[in-house]
Amino acid sequence: MNTIRFDYGNLLSSRVEGGIDERQLATSLADRFRAAHAAVEARRAQGDLGFLDLPYATESVDRVTELADGFAQWFQDVVVLGIGGSGLGATALKEALLGPFWNARDEEGREHFPRLHVVDNPDPHTFQRLLELLDPAGTMFNVISKSGTTAETMAQYLVARDWMESAVGQDKARGHFLFTTDPTRGALRQIGEAEDIPMLSVPENVGGRFSVLSAVGLLPAAVCGVDPRALLAGAAAMEERCRSDQLAENPAGLVAVLLHQADQELGRPIHVLMPYADRLRPVALWFQQLWAESLGKADSGPTPLAALGATDQHSLLQLLMEGPHDKVVLFIHVENPEAEVAIPQRHPEIPSLAYLGGHSMGELLSVERAATAEALRGAGRPNCTLIMPRIGGEELGQLLMLFQIATVYAGALYGVDPLDQPGVEVGKQLTYGLMGRVGVTRPEMLDPDSRWIV
């Protein structure tokens, strides 16, 4: 198996001014990690960290594969309705493993697998335009909500259900839906059991932002031909690498400890994840939620920022180079882009163009990442790089598991529970009250004051 590596040299004081003293890696930081590792292992023993078990859930992946094979034959379009981790995870897998412009390919280009649409935000314009493009008879909706009460997702479901019944009739409409939800309770479970709609379960001890390697992410990918077992094999390999309580041997531990140290000791709480591959841009957005919602609590925690190389060299790099010393950049470098576009040798009379000839676009992208890392290092801006041999199922499974494990280690280091989200719940309850949900008191809201409206 091609193994992901972590190059953290540009975080250390021996290579970058103002970096972390590398002698601490074998002393205080190693001790701190052993304590965090023990705390995580204790929660694992209690059964709290279900995402660590997902790579070994063979019965679950068999069920995913069975349903995916059937839906792939019956439908031309699959629409995922889910928000937060339920949408970000599916999008990350879709873009990384199906590649760009999947839905624009013809049937032969997709090997006769369906188009895949992930709709998270309940923007009426977006949803209406999507429905106008779809043929109801050839469309399946995968509704993802563990609680079955997610306001945004359930609103989309109600609209989609009505749209489908209007087109194909009430009896046939049930066959166009699949629910991914809690194994025993919730509104979707209740509807599914009453109407005999097929369902997949999200384990009780797996939260939304840790669910990408469950049926939440695997079904949408598998229905388009992605092998879920490759993803899980990579995740299992990373989970095994990260069992050690020795900091130098644990890649997720190093990511967590070094980023935590950069925040707490170096005053760098902004963590920028910057892959140099378009296919990994949604992974950066997925990480942004994972890191922010898990660690941003009790008036502490880092601020993640998703970026894309080389695009954001032309927007964020000035800030990263000469702005406040409050950021660490984590690059993702893909060694083999699996596509080669040669740059032709033209205009030899123009030196500013001629030097590009004879190289390739992949080479240019790789060189730009290396040059950006060195420019930051030279300016006293710590950075590090995750090195992926390629973007395949096994490699992506490793990367996603690495980030998830690093997150729970970081939770122990920050002294917060990385599995809850109390700040999000407040907004949900206010929404329920304002929308008139039975049993929820309508909140007292400040009336708009025209003095503050221009």
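Here are the numbers for this structure:
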quantity: Restricting region 94-111 to residues that are more than 22 Å from Ala284 (Cβ to Cβ) and out of contact with any helix residue (DSSP H, G or I) (no Cβ under 8 Å at 6 or more places or on another chain), the residue that is surrounded by the most Cβ atoms within 10 Å (Cβ to Cβ); calculated: Arg105
quantity: Of all residues making up region 150-179, the number that are surrounded by fewer than 15 Cβ atoms within 10 Å (Cβ to Cβ) and at pLDDT below 95; calculated: 2
quantity: In region 144-177, residue nearest to Gln76 (Cα to Cα) [restricted to those that are assigned to a loop (DSSP other than H, G, I, E, B) and hydroxyl-bearing (Ser, Thr, Tyr)]; calculated: Ser145
quantity: Index of the failed condition, Trp74 passing every other in (1) assigned by TED's automatic domain parsing to the domain that holds Phe403; (2) farther than 30 Å from Ala379 by Cβ; (3) over 27 Å from the mean Cα position of the chain (by Cα); (4) not charged (D, E, K, R); calculated: (1)
quantity: Residue in region 387-400 that is in contact with a Ser or Thr (Cβ under 6 Å, 6 or more places away or on another chain) and farther than 26 Å from Leu266 by Cβ present; calculated: no
quantity: Boolean, Glu374 is among the acidic types (Asp, Glu) and over 20 Å from the mean Cα position of the chain (by Cα); calculated: yes
quantity: Residue tally, condition buried (at least 17 other Cβ atoms within 10 Å of the Cβ) and either in a strand (DSSP E or B) or modelled with pLDDT under 95 (or both), over region 365-389; calculated: 5
quantity: One residue from Thr149, Thr184, Thr153 being of a type in the set (S, T, N, Q) and either touching a residue at least 60 places away in the same chain (Cβ under 8 Å) or more than 30 Å from Gly411 (Cβ to Cβ) (or both); calculated: Thr153
quantity: Close pairs from region 312-341: first closer than 18 Å to Leu280 by Cα and in the same structural domain as Gln261 (by TED's automatic domain parsing), partner buried (at least 19 other Cβ atoms within 10 Å of the Cβ) and basic (Lys, Arg), Cβ under 8 Å, at least 6 apart; calculated: Val329/Arg381; Phe331/Arg369; His333/Arg369
quantity: Tally of residues being hydroxyl-bearing (Ser, Thr, Tyr), surrounded by 15 or more Cβ atoms within 10 Å (Cβ to Cβ) and in a helix (DSSP H, G or I) across region 124-143; calculated: 0
quantity: Count - residues of region 55-79 that are of a type in the set (Lys, Arg) and within 18 Å of Val118 (Cα to Cα); calculated: 0
quantity: Failed item, numbered, when Asn121 is tested on (1) touching a helix residue (DSSP H, G or I) at 6+ places or on another chain (Cβ under 9 Å); (2) in a helix (DSSP H, G or I); (3) of a type outside the set (Asp, Glu); calculated: (2)
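The values are calculated or read from the model by the stated rules, or taken from the named source; none is laboratory data. Note that the structure is predicted; figures quoted are calculated from it, not measured. Every residue, glycine among them, receives a Cβ derived from its backbone with ideal geometry; neighbour counts consider all protein chains shown.
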